Amino acid sequence: MMDPVCGMEVKETSTYRTMYKGKMYYFCSPHCKTAFEKDPESYLKGGPRGMPHGH
Amino acid sequence: MGTDQSLRLKKEEELKILGMHCATCEVTVTKAISGVKGVQDAKVNLASGNARVILQGARLKEVVDAVRRAGYDVALQKFTGRVRVSEEESHRLVDILEGIEGVVYARVNPTSGLVIVEYNPVTTSSEKIQQELERRGYRIEIKEEKLSRSSDFKDLALRLLVGAVISPLTLINIPLLQLILSIPVVFFAGMRFHTGAYRALRNRTTNMDVLVSFSSLTAWIYSVISLLFLHSGYFFDSASLLVTFILAGKTLEAYIKERTSSEVVSLQSVKATKANGEVVDSRKLKVGDVVLVRAGEVIPADGVVDEGEGYVNESIYTGEPLPVKKVKGDPVIGGSTLTSGFLKVYLTRAGERTYISQVIEALREAEAVRIPIQGLADRISAVFVPTIIGIALISFALWLYAMHETLTFSVLIAVAVLASACPCGFGLATPMAVMVGIRKLLRKGIVVKNGESLEKLGKVKTLVLDKTGTITRGEIVVERFQEYIQGAVELASSLEKLSGHPVGKAIASLSSSSHRVEGFTEMDGGVYGKVDGQDVLVGRPDLVKKNCEGEPRGDVSVCVNWKVGGDFWLNDQMREGVREVVEELRTRFRVIIATGDSSMYADRIASELGVELRKGLTPEDKVELVRQLREEGGVAFVGDGINDAQALKEADVGIAVATGTDIAKYAGDVVIPSLTALPFLLRQSHRTVRKIKENIAWALTYNAVLVPIAAGMLYPLVLPPEYAALGMAMNSVSVALWSFVQ
């Protein structure tokens, strides 16, 4: 499993997760999750962009 | 070795210090304890007479020795028991005993099998020590138990009695008789002042005892010299009355202190009748015991009603003065009173696990507080006594040399100055007010765990309230639902049966049939799983929108195979009285509701109460919110002490709303029984802080007025030393009494 925001390896046991278009995504941190939820398409199309700044 | 390892562990002990009666004593004892190697921290409280010590490596024995070397004593309890132990083992037993928490000294005589253990009654008991020993394979039979030292109040009262009986007789104007009569007063009744002064001077500090001792001895010695050589004037009567008046003040003060601190503690030990008729001390009760409680009696420990019914006053726990009806199966709290009826109670918690023991534990911690303003009082009292001695000497010199008054008059003035000044009020100002304030709160079911929060509450600008459980009952119900795909509600209900979330439970309760669920996953805002092979997602509108076709309209919606198949509207009833409380709070604070719930229901509540709303927050978001708000001023977070623990800690004051009786598990500085107690907490904390300031101001003014009068400022009106002493005694008494008016 890969965090779609920062590209880090994450396990399915991560509590930071969400579902988008019927597929589960897992994150390394709440920051990545929040960033993804704001604009999922850009990460899915453009790939991971590293840790988001600011929260 | 096991014992060595345990020595390095951090341990906290609380000791009852005897002989402290002024602010400087507090400093001396703190210094003495802190000076022991292996003591990490020491906090001494003058009003309660307690010292909290954090040990890291040091043994309790070393701390007690240090306190005794500094001239004070520690209240210890002692028991003598018998044990069968060999000569070689006896040293090891002493080692084990002294390693047990709360044990100070242990002596074992292998020949007679006699064991003498002195322990700290504040943190342990003979039963606990016995149990601990048994765990390690030693059986000990306890012979007798007695308090090593009697109370401070009793000692003072005895001395006062001597002073009060003899002092008036010293007014008979026969110098030799006056001399004889004054001896027991000055040297027996007043002895504690002389030893106190000696102790202070030896430790290179000064205290109130120095003033009393100097003034009474100066008056007495001068009178003796006068009687033998000068024949100029005697004031044996002044010396005697001075001692007596100050003793009267000190006795009254000790009485007030003892009464205040015993009020709650007395609940710890009551007589309990077991089901078999045996009457035991409540501290000896165990989980599983069944006790009988008759009308008017105190329920001795926590448990559930096994038989009978009655009305119980639970105000110590809920703040609610009206008795509550209890029938079989209802929980009861130790320390509450059965006002009518008869109960047979099966105990579920006893000893230190009971609610009231936890309250007492929390209060002890809270009372050891130092509020910043006390720092000012401490600085004053450190220079106070030397300054007063200086003023006394200057006044003496001025009257004798500049004003050409007689030696007798000048000595009298100096004695009056010494006797009039009292540093005690400064030391009592904070602890007395905090102690009274905390107890007033307790009567409303509010438990203060951190005394500093009383002052911090005064600086709070924003109140952040949790919704579920705090504002609402926390019992979410599905008010109504609509189904667009047949069977969607049943599928949602099956899926939610695996969820622990309150919303999930509400939806799960809609249907009793259960389908096979695979791949159950919980996430923020919803749950997903394959139910009977179909993709089912139940969640908040934002989650549903991202995954399903169709428009979600409810607070929560269900998707079946990625199509919106049903909507649920939720409700959670507002708790009683919340509306009025929030209305009152809104006038003085910025009130924000912070909730994890993102349903429309949260909006409805917020708009109904007319406050700001931050919804859909994770516990981390709540912490972040508190952090941001703190930049604008003090923040108090009111919430569930378990789920909101982090936010409670982040806030300036964390207020946990009790949902059970296990205080220890709540985070936060204060535990309140319900949101409706909040206005009282805010008012009371304000009153307590104001009281501290008043006390300090009062102590200052008192001295600022009395000392110049004693120095002869209003000449020809002069203050005789005994009246100056009466004034001094009344200073600390008035601070103690004034603290009650909160």
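For B:585, B:441, what's the fewest-to-most ordering of other Cβ within 10 Å of each Cβ?
On the way: B:585 20, B:441 24.
Exposure proxy ranking, most exposed first: B:585, B:441.
For an R0 of 25 angstrom, estimate the FRET efficiency from the Cβ-Cβ distance between residue B:139 and residue B:307 and round to the nearest 0.05.
Details: r = 36 Å, r/R0 = 1.45.
With R0 = 25 Å, the Cβ-Cβ based efficiency is 0.10.
Residue B:10: which aspartates and glutamates have alpha carbons under 13 Å from its alpha carbon, excluding same-chain residues fewer than 8 sequence positions away?
The reachable aspartates and glutamates, counting only those whose Cα sits under 13 Å from residue B:10, are B:41, B:101.
What does the charge add up to near residue B:610, with Lys and Arg as +1, Asp and Glu as -1, over the other residues with Cβ less than 13 Å from its Cβ?
-2
Lysines within cross-link reach of residue B:328: Cα-Cα under 17 Å, excluding same-chain residues under 8 positions apart?
Residue B:328 reaches B:344.
Given charges of +1 on the Cβ of Lys and Arg and -1 on the Cβ of Asp and Glu, with all other atoms neutral, how large is the dipole of segment B:477-571 about its Cα centre, in debye to the nearest 20? Walk me through the numbers before you get to the answer.
Working: 10 positive and 14 negative charges, 12 e Å.
Charge dipole, segment B:477-571, about its Cα centre: 60 debye, nearest 20.
For the modelled label position 7 Å from the Cα of residue B:232 along Cα-to-Cβ, which residues of segment B:379-407 have backbone nitrogen atoms closer than 19 Å?
B:392-407
Among B:171, B:431, B:577, whose Cα projects farthest towards the positive end of the dipole of the protein assembly as shown, with charges put on the beta-carbon of Lys, Arg (+1) and Asp, Glu (-1)?
B:171
Can you pick out the pairs among B:11/B:61; B:16/B:61; B:649/B:691; A:45/B:615 whose Cα atoms lie more than 23 Å from each other? Walk me through the numbers on the way to the answer.
Working: B:11/B:61 13 Å; B:16/B:61 14 Å; B:649/B:691 27 Å; A:45/B:615 30 Å.
As for pairs spanning more than 23 Å Cα to Cα, those are B:649/B:691; A:45/B:615.
Report, as a whole number in µm² per second, the diffusion coefficient that Stokes-Einstein gives for segment B:269-351 at 37 °C and 0.692 mPa s using the Kirkwood radius over alpha carbon pairs. Please report the intermediate quantities before stating the final value.
Details: Rh = 12.1 Å.
Rounded, D is 271 µm²/s.
Report, by chain and number, residues whose modeled amide H sits under 5 Å from the one on residue B:330, excluding near sequence neighbours (fewer than 5 apart, same chain).
Hits under the 5 Å cutoff: B:305.
Can you list the trypsin sites (Lys or Arg not before Pro) in segment B:462-563 that are in a DSSP coil and have 11 or fewer other beta carbons within 10 angstrom? Before the final figure, lay out each step's value.
On the way: sites: B:467, B:473, B:480, B:497, B:505, B:516, B:530, B:545, B:546, B:553, B:563; in loops: B:467, B:473, B:497, B:516, B:553.
Passing both the DSSP loop test and the Cβ count: B:516.
How long is the gain from residue B:65 to residue B:328 if the chain were fully straight, where each residue apart is worth 0.36 nm and the alpha carbon distance is subtracted? It would help to have the intermediate numbers written out before the result.
Values: separation 263, 0.36 × 263 = 94.68 nm, distance 5.25 nm.
Fully extending the segment from residue B:65 to residue B:328 adds 89.4 nm.
For the protein assembly as shown, what class follows from the C-alpha gyration tensor (a ≥ b ≥ c being the square roots of its eigenvalues): rounded when a/c is under 1.5, otherwise prolate if a/b is larger than b/c, else oblate?
On the way: a/c = 2.51, a/b = 1.96, b/c = 1.28.
Prolate, because a/c is 1.5 or more and a/b exceeds b/c.
Filter the chymotrypsin sites (Phe, Trp or Tyr not before Pro) in segment B:280-348 down to the DSSP loop ones having no more than 14 other Cβ atoms within 10 Å, then list what survives.
Values: sites: B:311, B:317, B:342, B:346; in loops: none.
Hits after loop and neighbour filter: nothing returned.
Any idea what angle helix B:208-225 forms with the longest principal axis of chain B, computed on alpha-carbon atoms, 0 to 90 degrees, nearest 10?
10 degrees
FRET efficiency for residue B:271 and residue B:340, Cβ-Cβ distance as r, R0 = 25 Å, nearest 0.05?
Numbers: r = 19 Å, r/R0 = 0.78.
Efficiency, rounded to the nearest 0.05: 0.80.
With 10 angstrom as the radius, rank B:449, B:274 by how many other C-beta atoms surround their C-beta, starting from the fewest. Could you put the intermediate results ahead of the total?
On the way: B:449 23, B:274 16.
The fewest-first ordering by Cβ neighbours comes to B:274, B:449.
Can you tell me, using C-alpha contacts under 8 Å and at least 6 residues apart, the relative contact order of segment B:587-742 as a whole percent? Please report the intermediate quantities before stating the final value.
Working: 171 pairs, mean separation 19.2, N = 156.
12 percent.
Could you work out the relative contact order of segment A:1-46, using alpha carbon pairs under 8 angstrom and six or more residues apart, expressed as a whole percent? Each step should come with its number before you reach the end.
Values: 61 pairs, mean separation 16.8, N = 46.
Averaging sequence separation for qualifying contacts and normalising by length gives 37 percent for segment A:1-46.
As I understand it, the value is the acute angle between the Cα axis of helix B:126-135 and the longest principal axis of the Cα atoms of chain B; what does it come to in degrees, rounded to 10?
Relative to chain B, helix B:126-135 is tipped by roughly 60 degrees.
Distance from the Cα centre of segment B:437-493 to that of segment B:523-600, in angstrom?
16 Å
Which residues does a label at residue B:172 reach in segment B:210-244, if reach means a backbone N under 15 Å from a point 7 Å past the Cα toward the Cβ?
So the set is B:237.
Which Cα, out of A:10, A:34, A:22, lies furthest along the positive dipole direction of segment A:1-46 (beta carbon charges, K/R +1, D/E -1)?
A:22
Could you tell me whether segment B:477-571 comes out rounded, prolate or oblate from its Cα gyration tensor? Rule is a ≥ b ≥ c as square roots of the eigenvalues, rounded for a/c under 1.5, then prolate if a/b exceeds b/c, otherwise oblate. Don't skip to the end; give the middle numbers.
Values: a/c = 1.24, a/b = 1.06, b/c = 1.17.
Verdict is rounded for segment B:477-571.
List A:32, B:422 from most exposed to least, where exposure is judged by having the fewest other Cβ atoms within 10 Å.
Working: A:32 26, B:422 29.
In order of increasing Cβ crowding within 10 Å: A:32, B:422.
So what's the Cα pair-distance distribution over segment B:609-742, bin width 5 Å, in %?
Using 5 Å bins, I get a P(r) of 2, 9, 13, 13, 12, 9, 8, 7, 6, 6, 6, 5, 3, 1, 0, 0 for segment B:609-742.
Could I have the simple spin-label model distance between residue B:512 and residue B:618, label points 7 Å from Cα toward Cβ, reported in nm to one decimal?
Those two pseudo-labels are separated by 3.9 nm.
Can you give the relative contact order of chain B as a percent, counting alpha carbon pairs under 8 Å and 6+ residues apart?
Worked out over chain B, it gives 12 percent.
Please turn the phi angles of segment B:242-248 into ³J(HN,Hα) values with the Karplus equation 6.51 cos²θ - 1.76 cosθ + 1.60 (θ = phi - 60°), one per residue in order, whole Hz, x for glycine and proline.
4, 4, 5, 4, 5, 4, 4
Once R0 is set to 41 Å, what does the formula 1/(1 + (r/R0)^6) return for the Cβ-Cβ distance between residue B:37 and residue B:183, expressed as a FRET efficiency to the nearest 0.05?
Working: r = 44 Å, r/R0 = 1.08.
Computed FRET efficiency for residue B:37 and residue B:183: 0.40.
Students often get this wrong, so check it: of B:326/B:456; B:78/B:286; A:33/B:530; A:11/B:546, which have C-alpha atoms separated by over 27 Å?
Values: B:326/B:456 38 Å; B:78/B:286 23 Å; A:33/B:530 24 Å; A:11/B:546 23 Å.
B:326/B:456, as the Cα separations exceed 27 Å there.
Dipole size in debye (nearest 20) for the protein assembly as shown around its Cα centre, Lys and Arg Cβ +1, Asp and Glu Cβ -1? Kindly include the intermediate steps, with their values, before the conclusion.
Values: 94 positive and 92 negative charges, 272 e Å.
Taking the Cα centre of the protein assembly as shown as origin, the dipole is about 1300 debye.
No value in this document is a laboratory result; all are computed from the given coordinates. None of the values given here were measured: they were computed from a predicted structure. Cβ coordinates were reconstructed from backbone atoms using ideal geometry, including for glycine residues, and neighbour counts include every protein chain displayed.
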